[in-house]
Amino acid sequence: MTQWFSDTFPNVVYQGWTGDTGWWTSIVQTLYMTFWSAIFGGLLGLIFGIGLIITAPNGIAPNKWTFWIFDKVVSIFRAVPFIILLAFIAPFTKLVVGTQIGTTAALVPLALGVFPFYARQIQVALSEVDSGIVEAAQAVGASFWDIVFGVYLREGRSEIARVSTVTLISLIGLTAMAGAIGAGGLGNMAIAYGYNRFATDTTLVATLLVLIFVLVVQLIGDYLAKKLSHK
Amino acid sequence: MSNPIISLNHIDVTFYQKKRTIEAVKDVSIAINRGDVYGIVGYSGAGKSTLVRVINLLQEPTHGSVVVNDETFFQSDKKANKKTRITTNDLRNRRRKIGMIFQHFNLLNERTVTENVAFALKHSDLNAEQKKAKVAELLALVNLSDRAEQYPSQLSGGQKQRVSIARALANDPEILISDEATSALDPKTTNQILSLLKKLNEELGLTIVLITHEMQAVKEIANKVAVMQDGEIIERGSLLEIFAKPTQQLTKEFIETATNIDKAIATISAQPLVKNLHENELFIRLSYVGDTTDEPLIASLFRDFQVTANILYGNVEILQNTPVGSLLVILSGTDDQIKAAISTLADHHVEIEILKGGK
Ligand SMILES: Nc1ncnc2c1ncn2[C@@H]1O[C@H](COP(=O)(O)OP(=O)(O)O)[C@@H](O)[C@H]1O
Ligand SMILES: [Mg+2]
């Protein structure tokens with residue numbers, strides 16, 4: 001069995017398990033990048049998404065200018081292709097994490113790359129919360145934060161789970177490009193050690209692993225979205 | 001009685017949109033007394049919701065003043081172009097004393113029945129133990145104790161509305177605003193909800209503002225009525241006044257939908273008896289309020305004037321313990337006899353509408 005494996009996938013075995021270019025290392029890098037950029041980009045996206053909802057003309061705290069700013073920032077960041085963002089914000093990245101390359105350095109562009117996407121997704125998810133429910137909450141004297149947390153986020157939680165899944169999956173896609181600044185990860189494995197070296201087996205296995213990640217995220221996301229909905 | 005519990009003065013609500021402005025409420029003044037069940041009737045788009053949302057400032061008026069419980073919530077001074085309003089914090093506290101229920105219930109879908117009611121108690125002074133007891137008490141009041149742990153989606157429309165009533169009553173409000181609360185319910189459930197509201201009004205002294213496009217609901221429980229059209233109140237008065245002597249066409253329409261008299265007139269007019277009305281016959285509608293019915297008035301017509309009255313249809317409503325009736329009658333007799341009979345009827349405060357003359 002082992003013999004068969006190393007015969008069929010020689011390059012996969014060659015990469016090794018640990019070490020700078022090992023499989024385990026790549027898996028951890030992908031997980032690390034996905035996790036932390038999901039946390040930071042997610043928080044940022046959540047803040048912008050909520051901001052867009054509450055400062056909108058029909059929101060609970062309408063404010064033309066704040067809405068305009070939220071809206072434009074999100075639109076501008078969304079318009080920049082990720083690979084360009086990666087290069088463009090390098091100086092900023094250095095300022096934040098002290099280096100322009102490596103896995104940690106990739107977190108900054110990844111977070112900034114994913115947040116506008118997530119902000120729009122959250123905006124859509126929360127806009128589905130019935131305005132009548134918000135009004136009923138106001139009528140019983142709910143405060144601003146009661147409505148943000150107790151109504152929007154609570155009522156929208158199943159939709160939020162759904163859009164978070166979509167976002168996480170597209171974020172896994174983005175981590176593949178982070179290889180361009182030496183962040184490693186499975187995407188980099190597939191390109192740098194697989195595709196570029198004509199090591200098809202490496203590309204195949206790396207792709208398969210990414211697919212498994214995506215599938216797991218999708219399954220958990222679907223489960224949560226269903227479990228959290230009582231509509 | 002002291003001052004009105006709700007007093008809206010010269011309220012204008014204008015929505016400015018890109019292309020047009022919508023005057024949803026135009027110079028409406030209304031005073032609602034403690035213990036009133038005040039019905040506001042009008043077709044969809046008349047401005048009813050906008051008007052009542054002004055009471056708890058869910059909708060800030062463009063002009064006018066809002067006084068609730070002798071406290072000025074909002075006041076605009078047109079000349080000085082100045083608006084004063086109570087603080088956000090005060091407003092939140094006051095809103096807790098003004099319950100509100102809606103056509104589509106507006107319950108929190110992701111919370112159980114208990115949690116929905118408890119949500120309204122979040123800022124109350126009660127401790128956790130007392131809140132629990134309060135929620136249980138409210139659910140018992142609306143007869144939903146056995147549904148406490150269910151989600152709204154598991155409930156029927158009537159049950160959902162009862163949850164929303166429990167939520168609205170959580171902070172022991174003095175006022176309950178009902179915005180088309182029965183419009184999405186079937187007739188039987190509607191009656192259950194209306195009797196619950198009536199009970200709350202009688203037992204807790206709750207002042208109720210009842211918005212609806214169904215005169216039937218108003219007829220069941222209101223003591224005062226205002227009719228709204230195009231942002232204005234076109235007619236108002238006690239329930240009896242409105243039912244007995246409506247002056248506006250729209251009011252008449254609403255009343256007829258509640259009594260089915262229009263249908264009766266149509267059906268009976270098609271009968272041969274009315275179709276082939278004799279020369280000396282008159283097809284009329286009599287409307288009366290109160291004591292008039294106690295007298296055998298119709299019988300006296302023959303005794304005193306030799307006019308026979310053939311009653312084809314009768315409808316008596318008991319509004320606020322007073323009978324309000326409509327009769328469709330064919331009178332026959334000579335011109336003079338009929339004239340005399342009609343004038344006697346009028347003397348007894350019976351409204352007469354001639355539907356068809358035999359001449
Ligand atoms: N927030 C709003 N913005 C613009 N127009 C509104 C708004 N709310 C209500 N209107 C308009 O005001 C009018 C009265 O509406 P509404 O008070 O809901 O009537 P009703 O409750 O009697 O059906 C309608 O023409 C409606 O379209
Ligand atoms: Mg309405």
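Okay, here's what the table says:
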| read-out | value |
| --- | --- |
| Condition check for B:K79: away from ligand 1 (no atom under 14 Å from the Cβ), more than 26 Å from B:A222 (Cα to Cα) and either touching a strand residue (DSSP E or B) at 6+ places or on another chain (Cβ under 7 Å) or not assigned by TED's automatic domain parsing to the domain that holds B:H213 (or both) | no |
| The stretch A:115-136, residues that are more than 7 Å from chain B (Cβ to nearest Cβ) and within 18 Å of B:A118 (Cα to Cα) | A:V134 |
| Filter result for B:V163 (crowded, with 24+ Cβ neighbours inside 10 Å and within 16 Å of ligand 1 (Cβ to nearest atom)) | no |
| Condition broken by B:V25, with the remaining ones in (1) away from ligand 1 (no atom under 14 Å from the Cβ); (2) surrounded by 17 or more Cβ atoms within 10 Å (Cβ to Cβ); (3) among the hydrophobic types (A, V, I, L, M, F, W, C) satisfied | (1) |
| Residue within the stretch B:102-114 that is assigned to a helix (DSSP H, G or I), away from ligand 2 (no atom under 14 Å from the Cβ) and either within 29 Å of the chain's Cα centre (by Cα) or within 14 Å of chain A (Cβ to nearest Cβ) (or both) present | yes |
| Of the criteria (1) outside the structural domain of B:Q320 (by TED's automatic domain parsing); (2) farther than 23 Å from B:I208 by Cα, which one B:I265 fails | (1) |
| Any hit, the stretch A:35-42, residues being surrounded by fewer than 22 Cβ atoms within 10 Å (Cβ to Cβ), without any contact (Cβ under 8 Å) to a residue 12 or more places away in the chain and outside any helix (DSSP H, G or I) | no |
| Close pairs from the stretch A:49-65: first free of Cβ contacts under 8 Å to residues at least 12 places away in the same chain, partner surrounded by fewer than 20 Cβ atoms within 10 Å (Cβ to Cβ), Cβ under 6 Å, at least 6 apart | A:A56/A:F67 |
| Which numbered condition B:F302 misses (of (1) part of a strand (DSSP E or B); (2) at pLDDT below 85; (3) over 30 Å from B:A217 (Cβ atoms)) | (1) |
| Set B:L273, B:L240: member being of a type in the set (A, V, I, L, M) and either in contact with a Cys (Cβ under 6 Å, 6 or more places away or on another chain) or over 26 Å from B:I6 (Cα atoms) (or both) | B:L273 |
| Filter pass, A:I76 being under 21 Å from the mean Cα position of the chain (by Cα) and surrounded by fewer than 22 Cβ atoms within 10 Å (Cβ to Cβ) | yes |
| Candidate set from the stretch B:158-191 (those that are within 16 Å of ligand 2 (Cβ to nearest atom) and charged (D, E, K, R)); member that is farthest from B:A133 (Cα to Cα) | B:E180 |
| Some residue of the stretch B:46-68 being away from ligand 1 (no atom under 12 Å from the Cβ), more than 14 Å from chain A (Cβ to nearest Cβ) and surrounded by fewer than 16 Cβ atoms within 10 Å (Cβ to Cβ) | no |
| Members of the stretch B:207-220 that are away from ligand 1 (no atom under 13 Å from the Cβ) and either surrounded by fewer than 22 Cβ atoms within 10 Å (Cβ to Cβ) or without any contact (Cβ under 8 Å) to a residue 40 or more places away in the chain (or both) | B:Q216, B:E220 |
| Any hit, the stretch B:70-93, residues being within 12 Å of chain A (Cβ to nearest Cβ) and either surrounded by 15 or more Cβ atoms within 10 Å (Cβ to Cβ) or assigned to a strand (DSSP E or B) (or both) | yes |
| Residue match in the stretch B:46-65 (condition: outside any strand (DSSP E or B), within 16 Å of ligand 2 (Cβ to nearest atom) and hydroxyl-bearing (S, T, Y)) | yes |
| Failed item, numbered, when B:L176 is tested on (1) part of a strand (DSSP E or B); (2) within 14 Å of chain A (Cβ to nearest Cβ); (3) within 16 Å of ligand 1 (Cβ to nearest atom) | (3) |
| Among (1) buried (at least 23 other Cβ atoms within 10 Å of the Cβ); (2) more than 9 Å from chain B (Cβ to nearest Cβ) - the single one A:A139 does not satisfy | (2) |
| Selection within the stretch A:182-231 - within 14 Å of another protein chain (Cβ to nearest Cβ) and in a helix (DSSP H, G or I) | A:L224, A:A225, A:K226, A:K227 |
| Residues located in the stretch B:136-152, provided they are within 14 Å of chain A (Cβ to nearest Cβ), within 12 Å of B:I165 (Cα to Cα) and part of a loop (DSSP other than H, G, I, E, B) | none |
| Qualifying residue in the stretch A:178-191 (condition: in contact with a helix residue (DSSP H, G or I) (Cβ under 6 Å, 6 or more places away or on another chain), without any contact (Cβ under 8 Å) to a residue 60 or more places away in the chain and within 25 Å of A:G42 (Cα to Cα)) | yes |
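The values are calculated or read from the model by the stated rules, or taken from the named source; none is laboratory data. In this text the structure is predicted, and so the values were computed from the model without any measurement. All Cβ positions, glycine included, derive from the backbone under ideal geometry; neighbour counts span all protein chains shown.
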